[in-house]
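Q: Supplied in structure tokens, the structure appears directly below.
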Amino acid sequence: MPAGHDVVDAALELVTHHASRIVAGAGVDIAAEQAASRLQDALRGREVIAQAQGVVMARQWVSAEVAYAGLLRSSRQAHIPLRRQAIEITASTQRQVPRTGSEP
């Protein structure tokens, strides 16, 4: 029986080894996906902040540095995240479609 026990132990060790490699690989894939998703979110946030910076530059005739500093300052004073403030500023540039008489 000891020989059979060694075979079972060897098989379990082999399965455990492969399973741990699969789990480790899956963890890396999940971590990479999460990192990619976070990076995409960060890039979208930077994009909207840059757009808001341009809006401030155009409205106030200031440099990029002054516009960014103003965005940071007003964001802190209002206690809102810079990204949210940037979204609000860029949304303020959207034209409103006039309603027709047929809509309520």
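The values are calculated or read from the model by the stated rules, or taken from the named source; none is laboratory data. Fair warning: this is a prediction, and the values are worked out from it, not measured in the lab. Quick reminder, even Gly has a Cβ in these numbers, built from the backbone with ideal geometry, and neighbours come from all protein chains shown.
Q: Just to check your reading of the model, which residue among Ala19, Ala69, Ala52, Ala64 is at pLDDT below 75 and not acidic (Asp, Glu)?
A: Residue meeting the stated conditions: Ala19.
Q: If I go through segment 69-96 residue by residue, how many of them are surrounded by 10 or more Cβ atoms within 10 Å (Cβ to Cβ), of a type in the set (S, T, N, Q) and part of a helix (DSSP H, G or I)?
A: If we filter segment 69-96 for residues that are surrounded by 10 or more Cβ atoms within 10 Å (Cβ to Cβ), which is where we start, we get 69-76, 78, 80-93.
Filter again for of a type in the set (S, T, N, Q), leaving 74-75, 85, 90, 92-93.
Subsequent filtering for residues that are part of a helix (DSSP H, G or I) retains 74-75, 85, 90.
Adding up the residues that qualify gives 4.
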